[in-house]
1. Taking a ≥ b ≥ c as the square roots of the Cα gyration tensor eigenvalues, with a/c under 1.5 meaning rounded and otherwise prolate when a/b beats b/c, else oblate, which class fits region 32-79?
2. What shape does region 79-188 take by its C-alpha gyration tensor, where a ≥ b ≥ c are the square roots of the eigenvalues and a/c under 1.5 counts as rounded, a/b above b/c as prolate, and the rest as oblate?
3. Sort 37, 191, 3 so that the residue with the fewest other Cβ atoms within 10 Å of its own Cβ comes first and the one with the most comes last.
4. I need to check one value: relative contact order of the chain, counting alpha carbon pairs closer than 8 Å and at least 6 residues apart, in percent.
5. Based on other C-beta atoms within 10 Å, arrange 52, 19 from fewest to most.
6. Determine the relative contact order of region 153-210: mean sequence separation of Cα pairs under 8 Å and six or more apart, normalised by residue count, in whole percent.
7. Applying 1/(1 + (r/R0)^6) with R0 = 45 Å to the Cβ-Cβ distance of residue 208 and residue 87, what FRET efficiency is obtained, to the nearest 0.05?
8. Treat the count of other C-beta atoms within 10 Å as a stand-in for reagent exposure and order 29, 85, 70 from fewest to most.
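Bear in mind that the values in this text are calculations on the coordinates, not laboratory data. If you're wondering where the values come from, they're calculated on a predicted model, not measured in any experiment. Cβ atoms come from the backbone with ideal geometry, glycine included; neighbour counts cover every protein chain shown.
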């Protein structure tokens, strides 16, 4: 199936394309279709924002469209930054400033209280308006400093997942304490919030399309 990926985030597009193409789909980005609309994310949940993005870009592209809204929910911050993850610092898409603010907020939080989870809501919508939304989570904790690697984007250098992937689908404890940014694409996709949401969608899509 040819699917439009409703995102202008290069890192997110790489992950969506990598996972969806492995599932047998052809992925074209909204940028490749010449669509420059940036929908206002006015929802208060990941699911609401994913639907807003999917509906808007689907109307513009005329193609089945997939959109993702995701973020980091930190226990010690009552779930913040949550749906405001991309604009936590006060403006949209500044990864470094967002990471700086999170580190500052967490500077006095001890090791045993730094629990967090990444959450992704992925919405698939058809031009006729029917849509399917799946949610995936990945538990872990917030690091005390950036654990930068060769991969990742956003808060990835600060997030240490509880598990890492083995092969395409296996999992094992993340005993080395590596961050999302230090996991290879396969290691991340097998356990990530986005990978989990898209795996659930892969299961449900055949029935949805009947």
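1. prolate
2. Values: a/c = 1.92, a/b = 1.21, b/c = 1.59.
It comes out oblate by the Cα gyration axes.
3. On the way: 37 13, 191 26, 3 20.
Sorted ascending by nearby Cβ count, the order is 37, 3, 191.
4. Relative contact order here is 17 percent.
5. By the 10 Å Cβ count, ascending: 52, 19.
6. 31
7. Rounded to the nearest 0.05, the efficiency is 0.90.
8. 29, 85, 70
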